[in-house]
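Colleague: Let me give you the structure first, and then I'll get to my questions.
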Amino acid sequence: MRILYIDTSSSYLYSAISEEDKLLCEVKKEFGTSLSEVALPEIVSMFTQTNLAAKDIDKIIVVNGPGSFTGIRIGITIAKVYAWSLNIPITTITSLEAMMLSSKQNKIKVPMIDARRRYVFGAIYDENNQVILKPQYIKMDDLNIELGKLSDYTIITKDELEEYDNKEDYNPDILKIINYFQHKEPINPHGVNPDYLKLTEAEESKLN
């Protein structure tokens, strides 16, 4: 099975093509504000490098959030176009799941993304990758209460989060992520939508 993986939920492009438990090609680059311009060309370049066409892909796994609102939309759009136009099965995972699976520690895992104003996107998983605290937008103080109940854990993040010492820099293990989710049930491409875990600033403004 050939699988295309796409994660544009941050300022980085994490993408790869795998075939039968082997990475054929991968991209792990930070593009910042130019991500929207380079994401698709970088993915097309992977097809060129592997001598594959998009139609040769058997499944797409795309990260649908949380993270950067703009970034998430980029990856979702690319994945949906490929899936719908070429009739390729597609499924979604969260950025927090990807972070959790990439941990090199055999302990409780706490993926965390700085959401500013002392809020984070976070979750807690046990040593067997089972959910202790589901992915959510949460106050750091509230998350700290949950962490206080734990004896040994690692925080997986790309952000500073200076108040924490037991941090593990997030470096996606894309093949591990793909292998873990390769059999996840596909969904209709039209049902693939961003999962921001919070309202956008524009939506919040309408409520105030």
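Colleague: Among ASN129, TYR12, PHE69, whose Cα projects farthest towards the positive end of the dipole of the chain, with charges put on the beta-carbon of Lys, Arg (+1) and Asp, Glu (-1)?
Modeller: Value: PHE69.
Colleague: Taking the simple approach of a point 7 Å from Cα along Cα-to-Cβ for both ASP114 and GLU37, what is their distance in nm?
Modeller: 2.6
Colleague: Determine the relative contact order of the chain: mean sequence separation of Cα pairs under 8 Å and six or more apart, normalised by residue count, in whole percent.
Modeller: 21
Colleague: Suppose every K and R has +1 on its Cβ and every D and E has -1 on its Cβ; what is the size of the dipole of the stretch 24-84 about the Cα centre, in Debye to the nearest 20?
Modeller: 160
Colleague: Same structure again: Please give the residues of the stretch 118-142, grouped as numeric ranges, whose backbone N is less than 19 Å from a label point set 7 Å along the Cα-to-Cβ vector of ILE187.
Modeller: 122-123, 131, 134-137
Colleague: If you don't mind, another one. If you place +1 on the Cβ of every Lys and Arg, -1 on the Cβ of every Asp and Glu, and leave all else neutral, what size is the dipole of the chain about its Cα centre, to the nearest 20 Debye?
Modeller: 440
Colleague: Treating cross-link reach as a plain straight distance, find the aspartates and glutamates whose alpha-carbon is under 19 Å from the alpha-carbon of LYS80, omitting any fewer than eight places away in the same chain.
Modeller: ASP7, GLU37, GLU42, ASP56, ASP58, GLU185, ASP195
Colleague: Size of the dipole of the stretch 1-120 about the Cα centre, Lys and Arg at +1 and Asp and Glu at -1 on the beta carbon, nothing else charged, in debye to 20?
Modeller: The dipole magnitude comes to about 520 debye.
Colleague: Count neighbours as other Cβ atoms within 10 Å of each site's Cβ, and list the GluC sites (Glu not before Pro) in the stretch 94-178 that are DSSP loop with at most 13 such neighbours.
Modeller: When the GluC sites (Glu not before Pro) of the stretch 94-178 are filtered for loop state and at most 13 Cβ neighbours within 10 Å, GLU127, GLU160, GLU162, GLU163 remain.
Colleague: Next question. Quick one: grab the alpha carbon gyration tensor of the stretch 105-208, order the square roots of its eigenvalues as a ≥ b ≥ c, and give me rounded if a/c is under 1.5, else prolate or oblate depending on whether a/b is larger than b/c.
Modeller: oblate
Colleague: I'm checking a number: the convex hull volume of the Cα atoms of the stretch 21-119, normalised per residue, in Å³. What is it?
Modeller: Dividing the Cα hull volume of the stretch 21-119 by its residue count gives 131 Å³.
Colleague: What residue among ASN193, ASN144, ASN179 shows peak mean-square fluctuation when the chain is described by a Gaussian network model with Cα springs under 10 Å?
Modeller: Of ASN193, ASN144, ASN179, the Gaussian network model singles out ASN144 as fluctuating most.
Colleague: Now for a different question. Here are some pairs, LYS139/LYS176; LYS134/LYS184; LYS149/LYS198; LYS28/LYS139; LYS104/LYS184; LYS107/LYS139; which of them have Cα atoms lying more than 27 Å apart in this structure?
Modeller: Beyond 27 Å between Cα atoms: LYS139/LYS176; LYS28/LYS139.
Colleague: Which cross-chain or sequence-distant (5 or more) residues have an amide H under 5 Å from the amide H of ILE132, H modelled 1.01 Å from N in plane?
Modeller: Residues meeting the amide H criterion: ILE124, TYR125, ASP126.
Colleague: Roll a 1.4 Å probe over the protein chains and send me the accessible area per residue for the stretch 124-166 in Å².
Modeller: 62
Colleague: Cβ neighbours within 10 Å, averaged per peptide: list 38-44, 59-65 in order, most packed at the top.
Modeller: Top to bottom by mean Cβ count within 10 Å: 59-65, 38-44.
Colleague: Using the Cβ atoms and a cut-off under 11 Å, what net charge is assigned to the surroundings of ILE138, where Lys and Arg are +1 and Asp and Glu are -1?
Modeller: Within the 11 Å Cβ shell, the charges total +1.
Colleague: Further, regarding this structure: Please work out the FRET efficiency for the pair ASP152 and VAL131, using the Cβ-Cβ distance as r and a Förster radius of 22 Å; give the result to the nearest 0.05.
Modeller: Efficiency at R0 = 22 Å is approximately 0.80.
Colleague: Right, another one. How far apart, in nanometres, would the label points at LYS107 and ASN51 be if each is projected 7 angstrom from Cα along the Cα-to-Cβ direction?
Modeller: 4.7
Colleague: Kindly provide the helix-only [θ] at 222 nm of the chain, computed as the sum of -39,500 (n - 2.57) over DSSP H runs of four or more divided by all residues, to the nearest 500 deg cm²/dmol?
Modeller: The helix-only estimate for the chain comes to -9000 deg cm²/dmol at 222 nm.
Colleague: Moving on. Highest GNM mean-square fluctuation, the chain, Cα pairs closer than 10 Å: which of THR154, THR94, THR48?
Modeller: THR48
Colleague: Select one label from [x] 17.6; [y] 18.2; [z] 20.6: the one whose number is Kirkwood radius over Cα pairs in Å as derived from the coordinates shown.
Modeller: So the calculated entry is the one marked [x].
The values are calculated or read from the model by the stated rules, or taken from the named source; none is laboratory data. The structure displayed is predicted, hence computed values, not measured ones. Please note: Cβ atoms are built from the backbone with ideal geometry, for glycine as well, and neighbour counts cover all protein chains shown. Heads up: the accessible areas ignore ligands, DNA and RNA and are worked out on the full protein's heavy atoms, side chains in. Shrake-Rupley method; radii C 1.70, N 1.55, O 1.52, S 1.80 Å.
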